[in-house]
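One structure is given here, and the rest of the page talks about it.
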Amino acid sequence: MTISRVWPYCLAMMVAAPVDAQLPSNSVPVFIQDERVLVGTYRYVERADGMKVTVRLNADRSALYHITSGEADADFMRAEGFWTLAGDVIHIHNRPSPVRLEQVPNPVRDPAVGLSVTVVNADGTPAEGLGATWPESNGLFAMSNGRHSASVEELGNAARFSVVRLSDRKVLTVVPLGRGGPNSFRFTYYPSDVEPFDIPAIALDPRADRLEVEIGTAYARLDRVRD
């Protein structure tokens, strides 16, 4: 997956861009029964400043999300990844670079809790964007300041727990738990150079001739490009 390093700047700029958008969108998505109808190229052009948004959904599930600006079509953001369809929402994903989570040796037993998980970056700062979960839990719990703890009652008889990246639900590690054994764990996190993202889009008609695609915190309507 390749993505321009100007993406955070692009995200801020898109909020103010004069696109054909709603905040939030009030469009009603159309459920697409045959995913093949989505294959194609879609484009939006803002004639006032020359901003152009192009989305390409390919038959092999690869995808392109490209924003240019000005008469010279200067790259504002370019991402190549893959697309999926879940219900009536199209998801355009990138392919993030490798990520690593290393358990610090010698976990300990803390009788005051059922489970304690602490994750820091290599420089010692609290890790962000992670969560913890275990079988029979009530959900995926986002860590606060790189930490999460659960009571004995909350943990129940769980025999393992997982640390998960919240943005794409990637499981970074699964750690076994033993009755009476260690329950306080520390990890060092080495995040991806390019973090994952998920750009949602919806079809506005049964033939998918028009898509509404998220741009920053706005939504632009892209028309299918016919050859």
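The values are calculated or read from the model by the stated rules, or taken from the named source; none is laboratory data. None of these values were measured; they are calculated from a predicted model. Cβ atoms come from the backbone with ideal geometry, glycine included; neighbour counts cover every protein chain shown.
This table checks each residue for (1) surrounded by 13 or more Cβ atoms within 10 Å (Cβ to Cβ); (2) under 22 Å from the mean Cα position of the chain (by Cα); (3) touching a residue at least 12 places away in the same chain (Cβ under 8 Å); (4) farther than 30 Å from V213 by Cβ.
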| position | (1), (2), (3), (4) |
| --- | --- |
| W83 | yes, yes, yes, no |
| E128 | yes, yes, yes, no |
| W134 | yes, yes, yes, yes |
| S137 | yes, no, yes, yes |
| V152 | no, no, yes, yes |
| L155 | yes, no, yes, yes |
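Output the residue which, of all residues in region 198-215 that are assigned to a loop (DSSP other than H, G, I, E, B) and surrounded by fewer than 19 Cβ atoms within 10 Å (Cβ to Cβ), is nearest to the chain's Cα centre (by Cα).
If we take residues in region 198-215 being assigned to a loop (DSSP other than H, G, I, E, B) and surrounded by fewer than 19 Cβ atoms within 10 Å (Cβ to Cβ), then L204 is nearest to the chain's Cα centre (by Cα).
Of all residues in region 139-150, which are part of a loop (DSSP other than H, G, I, E, B) and surrounded by 16 or more Cβ atoms within 10 Å (Cβ to Cβ)?
Passing the criteria: M143, G146.
Can you name the residue in region 169-194 that is under 12 Å from L130 (Cβ atoms) and in a loop (DSSP other than H, G, I, E, B) and, of all such residues, is nearest to the chain's Cα centre (by Cα)?
So the residue we want is R169.
Going by what's in this entry, would Y190 be described as surrounded by fewer than 16 Cβ atoms within 10 Å (Cβ to Cβ) and in contact (Cβ under 8 Å) with a residue 12 or more places away in the chain?
Judged against the criteria, Y190 is a match.
Would you point out the residue of region 159-171, among those that are at pLDDT 95 or above and surrounded by fewer than 18 Cβ atoms within 10 Å (Cβ to Cβ), that is farthest from I92 (Cα to Cα)?
The qualifying residue farthest from I92 (Cα to Cα) is A159.
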